[in-house]
1. How far apart, in nanometres, would the label points at SER309 and THR65 be if each is projected 7 angstrom from Cα along the Cα-to-Cβ direction?
2. Residue farthest toward the positive end of the dipole of the chain, with Cβ of Lys/Arg at +1 and Asp/Glu at -1: which of GLY273, ILE248, ALA173?
3. Of the residues HIS101, HIS24, HIS43, which exhibits the maximal mean-square fluctuation in a Gaussian network model of the chain defined by a 10 Å Cα contact cut-off?
4. Share of the stretch 67-181's accessible area from carbon and sulfur, percent, 1.4 Å?
5. At 1.4 Å probe size, what's the solvent-accessible area of ASP266? Round to the nearest 10 Å².
6. Per residue of the stretch 21-35, what does 6.51 cos²θ - 1.76 cosθ + 1.60 with θ = phi - 60° give for ³J(HN,Hα)? Whole Hz please, x for Gly and Pro, Karplus curve as stated.
7. To the nearest 10 degrees, how steeply does helix 114-124 sit against the main Cα axis of the chain, on a 0 to 90 scale?
8. When the chain is treated as a GNM, springs tying every alpha-carbon pair under 10 Å, which of ARG275, ARG154, ARG71 comes out with the largest mean-square fluctuation?
Amino acid sequence: MSDAKVIVLTGGIGGAKLVLGLAHAITPSLIVSIVNTGDDVEHLGLCISPDIDTLLYTLSGKADTAKGWGRADETWTFMDTLRQIGGPDWFLLGDGDLAIHVLRTAWMKAGRSLSEVTADLASRFGLESRVLPMSDDPVATRLTTDEGELEFQRYFVERRCAPEVNAIDFAGAEASAPAPGVIEALTDPDAAAILIAPSNPFLSVDPILAVPGIRDALAAARAPVVAISPLVGGEAVKGPTAKLMREIGMEVSAQSIADHYCGLIDGILIDEGDRDDVSGVPQARCDTLMNDLDDRIRVAQAALSLARSLRS
Ligand code: FO1
């Protein structure tokens, strides 16, 4: 496995923790992250890519690990002033974070694609691994809820995932194309593994799979595809995964996660505390809670080891 690539399909917080663990388990330059951009939002005229930024901050050691998003040691002068003059304050933009959004927006207005901008930012953050947006085309996750239709950040940040979700769709997905490098990574015959991070399957991974060509490439991949269940001891660590599963009529179990990825995965890594085994696809177990760096490395290694066993 020493010089073979590992590809990760990932959302924000949970996925970034896994990729960080992976970057300590293998040579970072072998890692290709394919990142959800369904959470992206244009706010105050700025192009904001939360999951890409969470990955950039986490891998460069700049993330606010307590909050789970944004930068450590952030200051809030911009927000304080915005609030004083009556601007919208439901979506918090720290001063340092703001600099990234301003630069990304300027570059994109000058005609650069999201993947070019992301690669440039990743290099300025000193990252050795590749970070690819799922698409350079706009795809927006929208939720149909008991409060009506909500854009992702309105649901997630403003309403704190409180509304009951009936349906999820990814506006623009049908007309989108995978970003440069995405299909090449997924179809690399020499790749050691493709990992589906323990991100929310419905909000963070499904938007990636909705980009035409990605699901088919994953299903046809020669590399073993391993999902890491986002459930720990039968519940979601953080975020709305379990609540959402109940609302869309799914049993909250690793089996449901495996069934959701049916036809795409060759194996699933589940938490050692989960009550039931998964059937229909090979499984491995470990403690999948990722509080510190050692945890993240352990989970990454367990996923790679499952992939290795599936390859042989
Ligand atoms: N999450 C919050 O809970 N509250 C916020 O005010 C907030 C602002 C924000 C600004 C920029 C950014 O890149 C991310 C931000 N997030 C915020 C996190 C983010 O919206 C979500 O964690 C992800 O979209 C889910 O993966």
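The values are calculated or read from the model by the stated rules, or taken from the named source; none is laboratory data. Nothing here was measured: the structure is a model prediction, and the numbers come from that model. Virtual Cβ from ideal backbone geometry, glycine too; neighbours counted across all protein chains shown. Ligands, DNA and RNA are stripped out before the accessible areas are found, and what is left, the full protein with its side chains, is counted by its heavy atoms. Shrake-Rupley method; radii C 1.70, N 1.55, O 1.52, S 1.80 Å.
1. My value for the distance between the label points is 2.9 nm.
2. The residue sitting most towards the positive pole is GLY273.
3. Highest fluctuation of the listed residues: HIS43.
4. So the carbon and sulfur contribution to the accessible surface is 52 percent.
5. 70 Å²
6. Taking θ as phi minus 60°, the curve returns x, 4, 5, 9, 9, 9, 5, x, 5, 8, 9, 10, 9, 9, 10 Hz for the stretch 21-35.
7. Helix 114-124 sits roughly 90 degrees off the main axis of the chain.
8. Ranking ARG275, ARG154, ARG71 by mean-square fluctuation puts ARG275 first.
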